[in-house]
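Reviewing the structure listed below.
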Amino acid sequence: MNVILEFFSAFVVIVVFCWWYAFLKQYKVSKFFKNIPGPPGIPLLGNALDFKSKTKGVLNAFLKYAGNYGGIVKIQIGPFRKLLLISDYKFLEFVLSSTKIINKSQNYKNMLPWLGTGLLTSEGIKWKKHRRIITPTFHFKILEQFINSFDAAGDVMVEKLKKHLGCLSVDIYPFVTLCALDIICETAMGTTINAQRNEESEYVQSVKEMGRIIIERALVPHKNNEFLFRFTKDYQIQKKALNILHEYTNNVINKRREELLKEYSSKQRENSVDMGIKKKMAFLDLLLQATVDDRPLTNEEIREEVDTFMFEGHDTTASGISFALYSLANNPEAQEKAYEEQVALFGKEKNPTVTYGDLQEMKYLELVIKEALRLYPSVPFYARETNQEVKFGGTKIPKGVNITIFAYGIHRDPKYFPDPEKFDPSRFETIDGKLPYAYIPFSAGPRNCIGQKFAMLELKSTISKVIRNFKLAPASPHHSLKLVAETVLKSDNGVRLALMERK
Ligand code: HEM
């Protein structure tokens, strides 16, 4: 009996101690949040119930908070987790342009098992050094070589979509995702996984599983806990998926390293390495030749960066392409203008050879893509965490504050985008560039999306190919999107449209 009592007392002391420690750690943060307006929550859970049914509630709840409480809102999730949801222009400018608030929030920790500390998740000096060496890999001369990869993957997608010609309701999202996966695999690693023709491949399945597990862990409290996660089925699924993903990338790195060494020794390298490239290079090849602190990157460092490209560079573009096609299907005037631009460039040729220069000429399509990314930003919100005290105006923001940047919110603010629900590409003819922190699908400032030029080229290449080959129409029966914020913006009931023959 005594033993049980002692055990119970020790347990209570440990719980109280942990609670007290967490409380103290949060004291300054809690004090800061006291004066911030926000929705009233219930004890212990805070506002967590507003995000019911997994992802489905988050976007609507965030939008409602911004409407009711303004551009700087306090949200509480559970007893300790608080976040600052921002869609206020001045505050966004302050955060995004800051060189002090560049660390990512705790929300990104579930990506670490797959991505390690690649560019998206790394911090401090490692992030700075790697950002500096990776930036030149997005030089236009490198991007120019990827046009063929966009084109070839787009051709396969169009062939697959042709089987649904005349169909009044096709969910295009799965087609586009596999196409984007083929593109990123070829451009990041220089290999072909043929995701579009071999959907059941272990690699493709593992990418899907990891995307699902990352978001599931962010939303299901016991899976978010490192210790408890180990007892779930998803832990085993993740272990298997990580083995497959890491082994694949490691094998490709080793093979390419060997090939480069051979090329180097046989003097072929002189013709292919410099920026005046003759031979096609993947991002991986450039990373293999990069140096940091006068030493080459280790295999692990390279794997982290390549995996980060694989993760960040396919779901985002798939979301962007799908919602832009949906917008065109539902806005026949915009589609007609975009198609006329294609006819002006290539006549009625459905599969012309498209150059980098041609993609630059697709000015109207660029407006369409910008407007689609305004209404449907692939990453609807993203978060930073202060790692030191910073001052905004007269207010001190302590260390440890989660700042969630609500891009989806400011994109729909009528102050910056009149009649915000309307799809109107022409609005970017006049406002483009003038309000850099009101339009932030690629984030902004020092930690913005490094892949945005690549993304814009890929989107132009694939969308233009689809509209040259098909006339898009609204799905029948009528389809309304059910937007959900997963690792990227998706629609829970698919992205449906009708595919008609383009005569
Ligand atoms: C429509 C397509 C895309 C959109 C909307 C998009 C959006 C974003 C956003 C909002 C961020 C900031 C995320 C954050 O702060 O957590 C980001 C970061 C990043 N993106 Fe993209 N992205 C796209 C495509 C790509 C592509 C194609 C690549 C690579 C080939 C890429 C690579 C990255 C990387 C490496 C980062 C981290 C940069 C850093 O922290 O220094 N993205 N992207």
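The values are calculated or read from the model by the stated rules, or taken from the named source; none is laboratory data. Nothing here was measured: the structure is a model prediction, and the numbers come from that model. Every residue, glycine as well, gets a Cβ built from its backbone with ideal geometry; the counts of neighbours run over all protein chains shown. When the accessible area is computed, the model is the full protein with side chains, heavy atoms only, and any ligands, DNA or RNA have been set aside. Shrake-Rupley method; radii C 1.70, N 1.55, O 1.52, S 1.80 Å.
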Q: Mind telling me which of the residues 59, 84, 92 ends up being in contact with a helix residue (DSSP H, G or I) (Cβ under 8 Å, 6 or more places away or on another chain) and more than 21 Å from residue 40 (Cβ to Cβ)?
A: 92
Q. Of the residues that make up region 400-412, is at least one of a type in the set (Ser, Thr, Tyr) and assigned to a loop (DSSP other than H, G, I, E, B)?
A. no
**Q.** Qualifying helices (runs of 4 or more DSSP H) (wholly inside region 157-236; at least 1 residues being surrounded by 16 or more Cβ atoms within 10 Å (Cβ to Cβ) and either aliphatic (A, V, I, L, M) or within 15 Å of the ligand (Cβ to nearest atom) (or both))
**A.** 173-189, 202-219
Q. From 230, 197, which residue is basic (Lys, Arg) and either in contact (Cβ under 8 Å) with a residue 40 or more places away in the chain or over 30 Å from residue 48 (Cβ atoms) (or both)?
A. 197
Q) Across region 352-371, what is the number of residues that are in contact (Cβ under 8 Å) with a residue 60 or more places away in the chain, part of a helix (DSSP H, G or I) and not basic (Lys, Arg)? A) 8
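One line per residue, one yes/no per condition, for (1) assigned to a helix (DSSP H, G or I); (2) within 16 Å of the ligand (Cβ to nearest atom); (3) of a type in the set (A, V, I, L, M); (4) touching a Leu at 6+ places or on another chain (Cβ under 7 Å):
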{"site": "281", "(1), (2), (3), (4)": "no, yes, yes, no"}
{"site": "286", "(1), (2), (3), (4)": "yes, yes, yes, no"}
{"site": "310", "(1), (2), (3), (4)": "yes, yes, yes, no"}
{"site": "322", "(1), (2), (3), (4)": "yes, yes, no, no"}
{"site": "325", "(1), (2), (3), (4)": "yes, yes, yes, yes"}
{"site": "336", "(1), (2), (3), (4)": "yes, no, no, no"}
{"site": "339", "(1), (2), (3), (4)": "yes, no, no, no"}
{"site": "342", "(1), (2), (3), (4)": "yes, no, no, no"}
{"site": "350", "(1), (2), (3), (4)": "no, no, no, no"}
Q | Criterion (open to solvent by less than 10 Å² (accessible area, probe 1.4 Å), under 27 Å from residue 143 (Cα atoms) and in a helix (DSSP H, G or I)) met by exactly one of 429, 458 | A | 458
Q. Out of all the residues in region 432-445, which are open to solvent by 20 Å² or more (accessible area, probe 1.4 Å), more than 7 Å from the ligand (Cβ to nearest atom) and either acidic (Asp, Glu) or at pLDDT 95 or above (or both)?
A. 432, 437, 439, 445
(Q) Based on this model, can you work out whether residue 406 counts as away from the ligand (no atom under 14 Å from the Cβ), surrounded by 20 or more Cβ atoms within 10 Å (Cβ to Cβ), closer than 30 Å to residue 91 by Cβ and touching a residue at least 24 places away in the same chain (Cβ under 8 Å)? (A) no
